[in-house]
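See below for the structure under consideration.
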Amino acid sequence: MKKLLLPLLLAFFSLSAFSQTQNEVRLYFGITDSKLLRGEDLDGASSPDVENSYEFGFRYLLEVTDNLALETGLNYWKGDVVINSALPRPGETSRSQELQTTSIPIFANYTFLDYFFVNGGPVMDFQGSESESVDPQAGIGVGFGLGAQYAFNNFNIYVNPNFRRYAVIPFEEEDYHQKLTSFGVQLGVGYRF
């Protein structure tokens, strides 16, 4: 295995040193409409609502061909989960908890008609806050989007409406697992080098 791995690494670094690929770093902020969904309804279960959710992060794009790039980075998502009890206790009808996730996407990014792109693929999710009322969102998720971009000089501005489903394959499986699902819009700026 080591005999095969070393030549592959040397070939990769040699090709990347002499290739004419373009790299791009992107910073973005996004607003999301998020929900915690189950596969089926449970009678008597509390109903969580996600409010004030947003995301921000950075992306790194490595051009593979003129239209195709590999896209990775780091994404931070935060929202307030309001839990409405099915059987409220006296004086308590709802409570709020903060939910945070950090994600690493591994996307393909395909540009078409010079101004548009589609991106998507698997995402590794890590939950940054523990919650006794919300199932863990750490796991392997999925995301995809359709965006528009405008490039000038080495800069690129873009908007990326997208869909995310967290913990499609959760690290900790729960019965009737709640899965965070979000529709969002990211606004960002990139720099090509």
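The values are calculated or read from the model by the stated rules, or taken from the named source; none is laboratory data. A quick note: this is a predicted structure, and the numbers were derived from the prediction, not measured. Ideal geometry is used to build each Cβ from the backbone, glycine not excepted, and the neighbour counts take in all protein chains shown. Just the protein is used for accessible areas: all its heavy atoms, side chains included, with ligands, DNA and RNA removed. Shrake-Rupley method; radii C 1.70, N 1.55, O 1.52, S 1.80 Å.
Once the Cα-Cα distance is subtracted from the 0.36 nm per residue extended length, the Thr72 to Leu27 segment shows a gain of 15.0 nm. Structural descriptor for segment 89-193: relative contact order 22 percent, calculated from alpha carbon pairs under 8 angstrom and at least 6 residues apart. Less than 5 angstrom separates the built amide H of Gly73 from those of Tyr60, all sequence-distant by 5 or more or on a different chain. Heavy atoms only, probe 1.4 Å: what % of the accessible area of segment 55-193 goes to carbon and sulfur, would you let me know? Summing carbon and sulfur atoms, their accessible area is 63 percent of the total for segment 55-193. Pairs of alpha carbons in segment 49-193 separated by more than 22 Å make up 45% of all such pairs. Rounded to 0.05, the FRET efficiency of the Thr65 and Val159 pair, given R0 = 35 Å and the Cβ-Cβ distance, is 0.90.
Using a simple spin-label model with pseudo-atoms 7 Å out from Cα toward Cβ, Tyr54 and Ser94 lie 2.0 nm apart.
Here the Kirkwood formula puts the hydrodynamic radius of segment 114-193 at 14.4 Å, using every distinct Cα pair.
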